[in-house]
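The values are calculated or read from the model by the stated rules, or taken from the named source; none is laboratory data. Since we're looking at a predicted model, the values are computed, not measured. Because the Cβ atoms are built from the backbone with ideal geometry, glycine has one as well, and the counts that use them run over all protein chains shown.
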Amino acid sequence: MSSAARGAGAGGVLAAFLRWREASIILVGVLLTLYFQAANDNFLSSDNLQTLSQFIAASAIIACGEIMLLICGEIDLSAGHVFALSPFLMHFANAAGAPIVPSLLLALVAAAGIGLVNGLITVKLKVPSFVTTLGTLYLLNGFTLTVSHGSPVDTGGSPGFANIMGASGYAEISWAFAIVLVMHFVLRQTRWGLHTIAAGGNLIGAAEAGIDVGRIKIGNFMLTSVLAGFTGIIEAFRIGSTDPLAGGTPIMFLAVAAGVIGGTPLAGGSGTILGGLVGAIVLGVLRDGFTLQGINAFTFDMILGGAILVAMISNIHLGRFGRGRAS
Amino acid sequence: MTTLLRATDITRQFGSVTALDGVSLHLEPGEILGILGDNGAGKSTLMKILTGYQPPSSGQIWIDGAEVALRSVDHARSLGIECVYQDLALVNGLSVTHNLFLNREILRGFPPFMLDNPAMRRRAREILDDIGVNIPSVDLEVERLSGGQRQAIAVARAVGSAARILLLDEPLAAMGARESALIIDLIQRLKGRGDMAIIMIMHNYAQTLEIADRIMLMQHGTVTYEGRAAETSVSELMEIVRRGYRAARSA
Ligand SMILES: Nc1ncnc2c1ncn2[C@@H]1O[C@H](COP(=O)(O)OP(=O)(O)OP(=O)(O)O)[C@@H](O)[C@H]1O
Ligand SMILES: [Mg+2]
């Protein structure tokens, strides 16, 4: 360990904290929370915390997938539309007579299939994922609107099941935390995570070492689709109705933004799942805080844009001092 | 003793480019074969075929007297072939340890897919100490190492394995005198083990004649000279290279 960590006192602790990759963005989150609480007593009320947690959960879960893809050098623009389609697939299976749990699993398998298609087109046919998933984005959007006739349906399922899946206050954020923890473990402690980093860091080198980089990429496309589909389903349970216009590009970009603000560069080869969660929290705090203050969505978008730019600039330039690893 | 590795009539086309045009070689146990040749002669391509990274367009490969079709890097590795590529194949953002164990990680027994980082770190330290490579910490990301240190890590990766056939594509490129000496010493110690055979691609003729037992010269995808190092001189090789160059120009 460094001398800073050994040197006792606040200075040493602060220095150690700042070497931690996610530190600066956590600091921003804490400052924003203090600011919004000072501006409005209701910010930390339990009602609002619940709303806030729901803002955060969806983008945090999808961010886990997008971060894995960004690390191995890819992106999935269609995730928000898998989000919209999956609860419909569950609904149709359920309406056709399948019980709710198999219906849900069926929808997730279909989501995995979409990820497989994204992955195969990108890896085998060598179409850049930005273009592949732009194509599937439109395909899925048109498909969902067609099969749903453009109108929402009831989500279904027993109230007890709906509560577990997302309807009760903190169900969604609990799912999000659980998934983030598992994905953090997968990235930092498993072969899959290591090979994902290797594929993004040095594609040819990883292949020369014998890693099947195509399999890694396709697997991460499937993972992202399943996570996005699952998120669409728990959102449908929370709201109680399944809307063909839910999710879409806004939730996908929010998830990518959470990853990027949290410290995952678009260039691939490195990234952090915990940072993605923190990024999602900061974006949720910003949006919810401004909503409470009566600032509208247009302003939020401007602030979001600024936040992405500031995060990227500081990532690139501040990242040079003390790049310690969180692992 | 059976020939460890034999390749006959290997060809490789890249579209209209013929990178290899009927190359044959053999490698005996405990021997160092040095391959020399111009840029673009096909040396790295030959190497990549022998490691299973690329298939040949035609030709046969035998290991221990049995013909094999190398399906993948993993397949070649399971037959005891290990390689240090010219581009080193290191992943910059990963630590020295993770690079050393890339794609042959030590896993915990339970859960079965979990990395055993402490064990890999310990083993990495041992391997590096054993071969005398001076790296301050095995947790450093390799992008922070010098060119020579990176090269040493790439060699150590191959050496730390159970390889019997070691392929080195320009192992001394970008090395200072001290690091070169270190790698040469390492190669000679590996040779001393007796069970290992090494092919090394080199650019420095005099150095190669000193280290290798046998020399092959490649030009435009073919072998234009082969002989024992002790019976070969630099001037002789230079003459062949010059002749090839003049022939290419007048063609
Ligand atoms: N993947 C590829 N696609 C197309 N052409 C290739 C490919 N790999 C190698 N070549 C061509 O094959 C020929 C031999 O290349 P190779 O890398 O084997 O040369 P080399 O002898 O290793 O040269 P150097 O000393 O510069 O490393 C070159 O003309 C090169 O352009
Ligand atoms: Mg070469």
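Checked across the range B:54-62, the condition of being within 13 Å of chain A (Cβ to nearest Cβ), of a type outside the set (Lys, Arg) and touching a residue at least 24 places away in the same chain (Cβ under 8 Å) holds for at least one residue.
This table checks each residue for (1) within 30 Å of A:VAL153 (Cα to Cα); (2) in contact with a helix residue (DSSP H, G or I) (Cβ under 9 Å, 6 or more places away or on another chain); (3) surrounded by fewer than 22 Cβ atoms within 10 Å (Cβ to Cβ); (4) within 12 Å of another protein chain (Cβ to nearest Cβ).
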{"position": "A:ALA206", "(1), (2), (3), (4)": "no, yes, no, yes"}
{"position": "A:ALA209", "(1), (2), (3), (4)": "no, yes, no, yes"}
{"position": "A:MET222", "(1), (2), (3), (4)": "yes, yes, yes, no"}
{"position": "A:ILE233", "(1), (2), (3), (4)": "yes, yes, no, no"}
{"position": "A:ARG238", "(1), (2), (3), (4)": "yes, yes, yes, no"}
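Taken residue by residue, the range A:111-125 has no member that is closer than 15 Å to A:THR242 by Cβ, outside any helix (DSSP H, G or I) and free of Cβ contacts under 8 Å to residues at least 24 places away in the same chain. Out of the residues in the range B:41-53 meeting the condition of being touching a residue at least 60 places away in the same chain (Cβ under 8 Å), outside any helix (DSSP H, G or I) and within 12 Å of ligand 1 (Cβ to nearest atom), tell me which one is farthest from the other protein chains (Cβ to nearest Cβ). Looking at residues that are touching a residue at least 60 places away in the same chain (Cβ under 8 Å), outside any helix (DSSP H, G or I) and within 12 Å of ligand 1 (Cβ to nearest atom), I get B:ALA41. Any residue that is crowded, with 20+ Cβ neighbours inside 10 Å, of a type in the set (Val, Ile, Thr), farther than 30 Å from B:HIS75 by Cα and away from chain B (no Cβ under 14 Å) - is there at least one of those in the range A:151-165? Looking through the range A:151-165, at least one residue is crowded, with 20+ Cβ neighbours inside 10 Å, of a type in the set (Val, Ile, Thr), farther than 30 Å from B:HIS75 by Cα and away from chain B (no Cβ under 14 Å).
Failed condition for B:ALA197, given (1) more than 16 Å from ligand 2 (Cβ to nearest atom); (2) modelled with pLDDT of 85 or more; (3) within 14 Å of another protein chain (Cβ to nearest Cβ), with all others met? B:ALA197 satisfies all of (1) more than 16 Å from ligand 2 (Cβ to nearest atom); (2) modelled with pLDDT of 85 or more; (3) within 14 Å of another protein chain (Cβ to nearest Cβ) except (3).
Consider A:LEU181 carefully, then state whether it is more than 14 Å from every other protein chain (Cβ to nearest Cβ), surrounded by fewer than 19 Cβ atoms within 10 Å (Cβ to Cβ) and not in a helix (DSSP H, G or I). I'd like the intermediate steps shown before the answer.
Values: more than 14 Å from every other protein chain (Cβ to nearest Cβ): yes; surrounded by fewer than 19 Cβ atoms within 10 Å (Cβ to Cβ): yes; not in a helix (DSSP H, G or I): no.
No; evaluated as a whole, the condition is false for this residue.
Looking across the range B:27-48, just one residue is more than 13 Å from ligand 2 (Cβ to nearest atom) and under 21 Å from B:SER72 (Cα atoms), and that is B:LEU27. Filtering the range B:49-57 for residues that are within 16 Å of ligand 2 (Cβ to nearest atom), in contact with a helix residue (DSSP H, G or I) (Cβ under 7 Å, 6 or more places away or on another chain) and of a type in the set (Ser, Thr, Tyr) leaves a non-empty set.
If the requirement is being touching a Gly at 6+ places or on another chain (Cβ under 7 Å) and at the interface with chain B (Cβ under 10 Å from one of its Cβ atoms), which of these qualifies: A:VAL186, A:VAL226?
Every option except A:VAL186 fails the conditions.
Filtering the range B:74-86 to residues that are modelled with pLDDT under 90, assigned to a loop (DSSP other than H, G, I, E, B) and more than 7 Å from chain A (Cβ to nearest Cβ) leaves only B:GLN86. Pairs are defined by a Cβ separation below 7 Å, a sequence spacing of at least 6 or placement on different chains, a first member in the range A:192-214 that is assigned to a helix (DSSP H, G or I), and a second member that is among the polar types (S, T, N, Q); the pairs so defined are A:THR196/A:ASN220; A:ILE197/A:SER270; A:GLY201/B:ASN92.
Any residue at all in the range B:163-181 that is away from ligand 1 (no atom under 13 Å from the Cβ), within 14 Å of chain A (Cβ to nearest Cβ) and within 21 Å of B:VAL133 (Cα to Cα)? Yes, the range B:163-181 contains a residue that is away from ligand 1 (no atom under 13 Å from the Cβ), within 14 Å of chain A (Cβ to nearest Cβ) and within 21 Å of B:VAL133 (Cα to Cα).
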